[in-house]
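The structure appears below as structure tokens.
The values are calculated or read from the model by the stated rules, or taken from the named source; none is laboratory data. Note that this is a predicted model, so its numbers are computed, not measured. Virtual Cβ from ideal backbone geometry, glycine too; neighbours counted across all protein chains shown. Side chains included, ligands, DNA and RNA excluded: accessible areas come from the protein's heavy atoms. Shrake-Rupley method; radii C 1.70, N 1.55, O 1.52, S 1.80 Å.
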Amino acid sequence: MSGRLGIDDVTPVVSAGRYPAKAVVGEHIPVQATVWREGHDKLAATVSWRGPNDRVARQTRMHEVGVGLDRWGATVVPDLEGAWTFRIDAWSDPWGTWNHAVEVKIAAGQGPVDLANDLEIGASLLDRVARRPDRRQERALLTSAAEALRDTDRPLAERVAPALAADVQKVMFEHPVRELITKGRTHKIWCDRKKAAFGSWYEFFPRSTGGIDETGQAVHGTFATATKELDRVAAMGFDVVYFPPIHPIGRVNRKGPNNTLVASPEDTGSPWAIGADEGGHDAIHPQLGTIEDFDALVARAKDLGLEVALDFALQCAPDHPWVLKHPEWFTTQPDGTIAYAENPPKKYQDIYPINFDLDPQGLYHEVLRVVLFWAEHGVRIFRVDNPHTKPPDFWQWLIWKVKEVYPDTLFLAEAFTRPARLYGLAKLGFTQSYTYFTWRTGKQELIEFGEDVRDHWDEARPNLFVNTPDILHESLQHGGPGMFGLRAALAATLSPTWGVYSGYELFEHEAVKPGSEEYLNSEKYQLRPRDYARALADGRSLEPWLRKLNHIRKAHPALQQMRTLKFQSIENDALVAFSKRDPESGDTVVVVVSLDPNNAQEGTLYLDLPELGFDWHERVIAHDEVTGETWDWGQANYVRLEPWRATAHVVGLQRRFS
Ligand SMILES: O=P(O)(O)O[C@H]1O[C@H](CO)[C@@H](O[C@H]2O[C@H](CO)[C@@H](O)[C@H](O)[C@H]2O)[C@H](O)[C@H]1O
């Protein structure tokens with residue numbers, strides 16, 4: 001410890017300050033610290049915080065949190081993207097000490113003689129503030145309160161009354177006398193744009209948008225056909241459209257349908273097998289079109305309010321130009337061959353892993369060049385494939401190098417891995433992280449998962465995909481349409497950022513074999529044209545539900561929050577309930593989701609109303625955004641969910657004004 005007063009356990013601080021805490025513009029960030037001192041004198045604390053353009057630090061006075069905990073808190077709201085810092089300043093608060101002394105001594109029946117010194121101390125404190133050049137406006141007010149304290153002709157109550165009055169207290173609080181000022185360590189916050197925390201993602205393969213020809217054959221899609229698809233995606237309320245790799249696909253060791261190891265000349269191969277004669281990571285697959293076509297797609301997406309996210313998979317097909325040009329970037333085995341990549345037990349026979357240690361200088365700069373190339377073409381979101389198989393310091397270097405040029409760039413880590421690595425990557429700079437959500441299906445698992453991601457919010461932001469081309473969870477394989485609906489409801493409301501891989505809205509659920517999470521006829525290895533319009537017309541589509549969920553998410557700022565997530569008690573293991581509150585607007589939402597896709601479930605929901613900003617016994621207006629019904633709710637509420645009608649309630653709570 002250093003400094004006159006104690007300042008401990010500051011939050012948000014990530015890894016003892018090695019990495020910046022995460023925030024987005026406009027986010028209410030709770031700053032807390034344990035601040036303590038010897039003896040009985042009062043202390044106070046201030047957050048001194050500074051934005052990227054601030055020449056002078058902003059000061060926000062902290063308040064005591066709880067009673068007797070010596071814990072102090074304040075909220076700061078960064079209003080600009082970039083690097084912010086904050087520091088806790090603790091100081092002795094003589095005005096607070098004086099207030100306390102006077103109150104308790106008078107309450108104990110002490111008179112003016114006992115309080116003589118206190119009265120003079122109070123007067124001199126008032127004089128000190130009144131004398132400040134920048135307090136000219138309040139000078140008369142403070143001086144007259146000081147005079148009253150010194151006026152021995154008045155009864156004691158009248159001597160102290162002006163100094164204890166609200167107007168004087170306000171000035172003395174806002175412009176305090178600070179003694180024994182102790183400055184804490186400076187901590188970092190990186191503030192991203194809002195989409196870093198809040199957004200709805202939709203993943204589709206541009207190559208699957210070509211439709212079917214007259215012979216019934218799937219036609220390879222292009223950026224032009226993919227562009228047409230954007231209207232439907234935007235209409236469903238998504239904000240980010242994510243494409244698997246769009247680069248030339250290797251021909252050597254190309255995979256065939258259903259992950260077979262022999263491909264016919266017509267087989268498209270996996271887009272993650274990046275690189276061929278036509279180019280590598282900065283090239284476009286010729287069948288998709290040209291860079292100009294890509295630019296046009298990005299522009300159209302922008303018009304529709306969509307942002308394009310590209311996959312960034314650092315690996316190479318054996319015929320990737322890097323393999324020939326830079327053999328030093330790959331590990332050669334004793335027999336002269338390069339081993340293919342693996343993510344055990346998965347085998348990626350069509351790609352070589354890159355060795356980051358053989359020529360870091362050359363490789364790092366080439367990779368940076370590639371990312372900046374796409375950033376120059378308007379891509380500011382990258383979904384990074386398998387980052388946990390590459391060195392951590394490489395990611396830290398790359399992410400912050402890119403942000404030096406394009407600070408608004410966001411990186412989603414596809415690291416389904418051990419928690420230390422998942423959170424480690426987030427701390428290094430990844431904006432968002434895939435999570436274990438797809439595998440959390442039971443009530444208790446979901447509660448633990450939700451609380452875990454909430455409690456890591458300063459360092460990692462979860463992106464809850466309901467499915468991916470690699471993950472068709474068994475619950476979706478066997479749960480029927482109701483399961484698709486409820487999983488979407490959970491993902492869209494539990495986390496400010498969620499995602500859907502196309503085909504979900506068509507309830508695609510056939511696995512390649514029992515026990516596998518791989519789709520049958522996976523789009524990873526072949527084209528998969530889909531007739532969304534027909535399904536919608538026939539009532540076989542989840543599109544209306546996805547649209548509704550995204551609409552509700554936008555209408556309720558509470559659902560754009562994670563810090564305020566709180567699970568509420570509901571008496572039924574097939575029902576899970578939680579609340580969220582937006583600190584800015586006060587918007588408050590309670591979500592109840594049924595985990596049973598087939599049967600009606602009912603239970604009593606007990607709300608922690610004070611936590612939600614209401615009194616314990618208050619009756620509130622509860623409006624369900626799903627069914628459109630409005631109820632009168634209080635502490636205990638009967639809830640029934642019938643999957644054929646609704647798998648979830650998303651209920652906005654409002655104070656009942658009489
Ligand atoms: O390893 P993960 O399960 O995290 O999956 C990600 O990375 C894989 C490798 O890039 C990728 O796998 C797909 O592409 C491979 C290379 O073409 C191919 O060998 C695999 O069979 C195919 O699944 C996966 O899609 C991606 O999400």
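Annotations for the structure displayed:
- Net dipole in debye of segment 112-258 [+1 Lys, Arg Cβ; -1 Asp, Glu Cβ; about Cα centre; nearest 20]: 960
- Solvent-accessible area per residue in segment 272-395 equals 43 Å², computed with a 1.4 angstrom probe and all protein chains kept.
- Unit charges at the beta carbon, dipole of the chain: most positive-side option, H365, V77, V160: V160
- Anchor K347: lysines whose Cα lies under 22 Å away (excluding residues fewer than 8 positions away in-chain): K255, K390, K513, K524
- Shape category assigned to segment 507-563 from the gyration tensor of Cα positions, a/c cut at 1.5: oblate
- Protein accessible area in segment 137-270, 1.4 Å probe - carbon and sulfur %: 55
- In this simple spin-label model, placing a label point 7 Å from the Cα along the Cα-to-Cβ direction at both Q444 and H365 gives a separation of 5.6 nm.
- Positive dipole terminus of segment 392-539, leading residue within P469, S495, A426 (C-beta point charges): A426
- Förster-model FRET efficiency, 25 Å R0, E611 and E571, C-beta, rounded to 0.05: 0.85
- Each residue of segment 418-427 was assigned a 3J(HN,Hα) from its phi angle through the Karplus curve 6.51 cos²θ - 1.76 cosθ + 1.60 (θ = phi - 60°); the sequence is 5, x, 4, 6, 4, 6, x, 5, 4, 5 Hz, with glycine and proline shown as x.
- Residues whose placed amide H lies under 5 Å from that of S433, excluding near-sequence neighbours: A413, R461, N463
- Positive-end extreme of charge dipole, the chain - chosen from S124, Y525, A341 (charges on Cβ): S124
- Rounded percent of accessible protein surface that carbon and sulfur make up, segment 1-96, 1.4 Å probe: 51
- The Cα atoms of segment 543-599 give a gyration tensor whose axes a ≥ b ≥ c have a/c of 1.5 or more with a/b no greater than b/c, which makes the shape oblate.
- On segment 548-658, 45 percent of the accessible area sits on carbon and sulfur atoms, based on a 1.4 Å probe.
- Unit charges on C-beta of K, R, D, E only; dipole of segment 344-427, Debye: 360
- If R0 is taken as 25 Å, the Cβ-Cβ distance between R563 and W400 corresponds to a FRET efficiency of 0.50.
- Computed on segment 361-499, with alpha-carbon pairs under 8 angstrom and 6+ residues apart, the relative contact order is 18 percent.
- Based on the Kirkwood approach, the hydrodynamic radius assigned to segment 21-90 is 13.0 Å, with every pair of different Cα atoms included.
- To the nearest ten degrees, helix 291-303 and the longest principal axis of the Cα atoms of the chain are 40 degrees apart.
- Gain in span if fully extended, D134 to K347, counting 0.36 nm per residue against the direct Cα distance: 69.6 nm
- From the C-alpha gyration tensor of the chain, square roots of 5λ in Å: 56, 31, 20
- Lys, Arg +1 and Asp, Glu -1 on Cβ, resulting dipole of the chain about Cα centre, debye, nearest 20: 1260
- The residues of segment 510-590 have, on average, 44 Å² of accessible surface per residue, using a 1.4 Å probe with all protein chains present.
- Accessible surface, segment 224-271, averaged per residue in Å² (probe 1.4 Å): 37
- Cα shape, segment 240-281, gyration tensor, a/c 1.5 rule: oblate
- Per-residue SASA entry for R254, accessible area with 1.4 Å probe, Å² rounded to 10: 40
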